[in-house]
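Everything on this sheet refers to the single structure shown next.
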Amino acid sequence: MLKNTTQDPTGLPLQEKVVHKNTTARAIELAILSLLVSLLVYRVISFKDQHHYLPWLLAFFCESCFTVIWVLSVSTKWNQSATITYPERLSKRVKESEFPAVDIFVTTADPILEPAIITMNTVLSLLAVDFPANKLALYLSDDGCSPITFYSLVETTKFAELWVPFCKKYNVQVRAPFRYFTHDSTPLENDSLEFQKEWKKMKNEYGDLCTKIENASKRTSFPCDQNSEFAAFRDVHRSNHPAIIKVISENKEGSSNNLPHIIYISREKNPKHQHYYKAGAMNVLTRVSGVMTNAPLMLNVDCDMYANNPQLFLHAMCMVFGFNNDEYGFFQFPQAFYDGLKDDPFGNQLANYYYFINGVASLQGIFYGGSNCFHRRMVMYGSSPNRNMDNESLHKSFGKSIELRESAVQVLSGSNTTIQRRRSPTSLIEVAILVASSTYEYGTSWGTKIGWLYGSTAEDILTGLNIHGRGWRSAMTSPEPLAFLGCAPSTYTSSLVQQRRWSTGLSEVLFSTKNPLYLTIKGHLWFRQSLAYCWICSWGVRSIPELCYAALPAYCLITNSHFLPKINEPSIIIPVSIFIIYNLYTLWELKRLGISLRTWWNLQKMGRVNAMTAWFSGLLSVILKLSRFSQTVFEVTSKEQILNDGDHDSNAGRFTYENSPMIIPGVFLLLVNMTALVNTMSKLAKANTTGVSGLGEMFCSVWLIICFWEFLKGLFGNGKYGIPSSIIWKAGALALFFVQLCRRSFQLI
């Protein structure tokens, strides 16, 4: 293990880059690559000897795609590194008064799919971090325009006046109350009586808060008369309402021990104007915070990602002060999850991306992950390294608000503006409402050159790609304990929705004018960084060769053809070696991380299942968008929360199905491969032979059925654990058509 430190002449480094040796992994990856190339060469050489050209050509196409994808993966993972931060050294190097201010953005869009109690725990954990309160301002964006969310924030702010001092007085490490007050948690006997008394009081207060929020969530209406605090929510619809901005709490004294500014925002929405989903909400947050507090750093957090490490801001400061300000545009913390389902049955906890992330970190920098990220405001305002905007560009880019343009000038000029030097947020509400209007962005560069970019439901990847394309770098650190923890989808349906949204957004990026290869040629994106972006943006496109390759065994068995070498041919060693070495390699990779064999298998099978269902569905939606038949839609992933450690669902991790067309390709592949196997076995039985022809294809069909085993169980399941009959009938019709097509092609040969 080699260390590359950033050493300051005044003391020890605040951060250091640790480079991991990767010799063994490189050797195995090159071996697999050589086997893939050998397989392609074999296809070309033996093509003239084939009686059935179609399966051979299709196999060559699919394996060529797999080889390209493997090259992209090898390039990305070739170097492995991680950044370590040392917050304990920060106070010796940087005065607290020199810390840059941070505007915190928490986003929520639906009080049903994203319960208010989850969002409020995230808010409480961020209010209680170890950082001067007068350097912070917290903005909650409510894209659902829900009085429940507003009411919950008001009540949470009252509880925070007790919770934050309690956490800092007793140095509480877990500052999200729902994680601190677990089902059976009690103070230790050797704790002081004062602490025990305050602990019980705090737990009761939190219980009261939960009850208030729960009761509010059950209400069908709120008193919205003119004198009520809910008057702004009168006669509003979530997709058609004026901007609502309320300052819930204001740190008027500028004290480092009080609560930060807490501001509620629900941007204006009008059916006549595009609102661009999360990217639009983030740009409104950027503009409103720009006129109110204008902190040079912005932290954006999803509503379920609570602050798990109270020193996370200090870890961020280590990167801010440890790296060259002229090179680094944002600082990312990894996404991790609490109370994840055992063995990750849906393959959505991202454990298999560890080496990919460390590989990207060794290049131009980690991707922007959509949450847990500290952005430099000047970078989000379109600045490039050593290149700033002129005054004319500022006027055209930022819109008609004089206050916003002035704040942008301060940021881009490098002025060290702090919160306490600016006007009170309450006095700026009218200005904030102007920049939160649905028409403000017309004629400006918002969403095209500055802020979060529009054009993809994966606004995070598109925005981060644009930042890297302007020449900025990025960095990531993973402190202990982890900085943020969130909740992964706990049902297969939710996981499908999430995977489809990712595939849709990534495909939109790939087919956009801001794709990685274009930014390498015309911009300042590093070549290998662009290959890493191509790897992740190709998720949707990857579904095509995955589907074709999965259907090949069935086609060959039905038509009595083959796409693999026969079992008695020496060349069979090539695909067999690829299969064995690849699976052993991925198992070895994950075992090094302490991941179980069952988890490895779940990740392997769900990689295939997701590619042929959710990713394919995402690609289709983008094709329809490009063909102008429809528009892509941002789908909010349902957030479920386990409130009590003692509550365990015996059915957790079981696959549930809804009447979603996404799973039709998976059911179709399962049916055709089962049909092909039954057909082949019946032929063998009638012929009374044990010939070696087609054994490779039979193995592939069996392997695919094993991967789709949960779908097979779903065919015979009941209730929500069974695949709806409408889906089975549609997939069955496609399977019947495929089988008949195969038989007709066999007759024509």
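When restricted to residues that are more than 28 Å from Arg501 (Cβ to Cβ) and among the hydroxyl-bearing types (Ser, Thr, Tyr), region 426-479 contains 2. With respect to Asn348, is the statement that it is in a helix (DSSP H, G or I), in contact (Cβ under 8 Å) with a residue 40 or more places away in the chain, touching a strand residue (DSSP E or B) at 6+ places or on another chain (Cβ under 9 Å) and over 14 Å from Ile536 (Cα atoms) true? Judged against the criteria, Asn348 is not a match. Go through the residues of region 225-238 one by one and say whether even a single one is in contact with a Phe, Trp or Tyr (Cβ under 9 Å, 6 or more places away or on another chain), part of a loop (DSSP other than H, G, I, E, B) and open to solvent by less than 20 Å² (accessible area, probe 1.4 Å). Yes; the residues of region 225-238 include at least one that is in contact with a Phe, Trp or Tyr (Cβ under 9 Å, 6 or more places away or on another chain), part of a loop (DSSP other than H, G, I, E, B) and open to solvent by less than 20 Å² (accessible area, probe 1.4 Å). Taken together, Tyr276, Tyr353, Tyr264 contain a single residue that is without any contact (Cβ under 8 Å) to a residue 24 or more places away in the chain and within 30 Å of Tyr454 (Cβ to Cβ), which is Tyr353.
For region 270-325, the candidate set comprises residues that are charged (D, E, K, R) and in contact with a Phe, Trp or Tyr (Cβ under 8 Å, 6 or more places away or on another chain); within that set, the residue that is least open to solvent (accessible area, probe 1.4 Å) is Arg287. Of the set (1) more than 15 Å from Asn610 (Cα to Cα); (2) outside any helix (DSSP H, G or I), all apply to Leu712 but (2).
Taking region 24-41 as the range and being open to solvent by 40 Å² or more (accessible area, probe 1.4 Å) and either hydroxyl-bearing (Ser, Thr, Tyr) or closer than 17 Å to Glu546 by Cβ (or both) as the test, the residues that pass are Thr24, Ser34, Ser38.
Among the residues of region 48-63, at least one is of a type in the set (D, E, K, R), over 30 Å from Leu314 (Cβ atoms), outside any loop (DSSP other than H, G, I, E, B) and touching a residue at least 24 places away in the same chain (Cβ under 8 Å).
Let's see how each residue does on (1) more than 16 Å from Asp344 (Cα to Cα); (2) free of Cβ contacts under 8 Å to residues at least 12 places away in the same chain; (3) open to solvent by less than 20 Å² (accessible area, probe 1.4 Å):
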position	(1), (2), (3)
Trp600	no, no, no
Met606	no, no, yes
Phe616	yes, no, no
Phe629	yes, yes, no
Glu635	yes, no, no
Lys639	yes, no, no
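Of the residues making up region 715-748, those that are without any contact (Cβ under 8 Å) to a residue 24 or more places away in the chain, of a type in the set (S, T, N, Q) and part of a helix (DSSP H, G or I) are Ser725, Gln740, Gln747.
Of all the residues in region 239-269, those that are outside any loop (DSSP other than H, G, I, E, B) and either farther than 16 Å from Val164 by Cβ or of a type in the set (Ser, Thr, Tyr) (or both) number 12. Among residues of region 515-542 being over 20 Å from the mean Cα position of the chain (by Cα) and charged (D, E, K, R), the one that is least open to solvent (accessible area, probe 1.4 Å) is Arg528.
So Glu205 fits all but one of (1) part of a helix (DSSP H, G or I); (2) touching a strand residue (DSSP E or B) at 6+ places or on another chain (Cβ under 8 Å); what number is the exception? Going through (1) part of a helix (DSSP H, G or I); (2) touching a strand residue (DSSP E or B) at 6+ places or on another chain (Cβ under 8 Å) one by one, Glu205 breaks only (2).
Only strands (runs of 3 or more DSSP E) whose full extent lies in region 64-156 are considered here, and the ones with at least 2 residues that are closer than 21 Å to Ser289 by Cβ and of a type outside the set (A, V, I, L, M, F, W, C) are 102-108, 136-142.
Scanning region 522-553 for residues that are at pLDDT below 95 and in a helix (DSSP H, G or I) yields a total of 1. I'd like to know if region 137-154 contains one or more residues that are farther than 30 Å from Asn240 by Cβ and either open to solvent by 20 Å² or more (accessible area, probe 1.4 Å) or not acidic (Asp, Glu) (or both). Within region 137-154, not a single residue is farther than 30 Å from Asn240 by Cβ and either open to solvent by 20 Å² or more (accessible area, probe 1.4 Å) or not acidic (Asp, Glu) (or both).
The values are calculated or read from the model by the stated rules, or taken from the named source; none is laboratory data. Quick caveat: nothing in here was measured; it's all calculated off a predicted structure. Here Cβ is always computed from backbone atoms with ideal geometry, including for glycine, and neighbour counts include all displayed protein chains. To get the accessible areas, we keep the full protein, side chains included, count just its heavy atoms, and leave off ligands, DNA and RNA. Shrake-Rupley method; radii C 1.70, N 1.55, O 1.52, S 1.80 Å.
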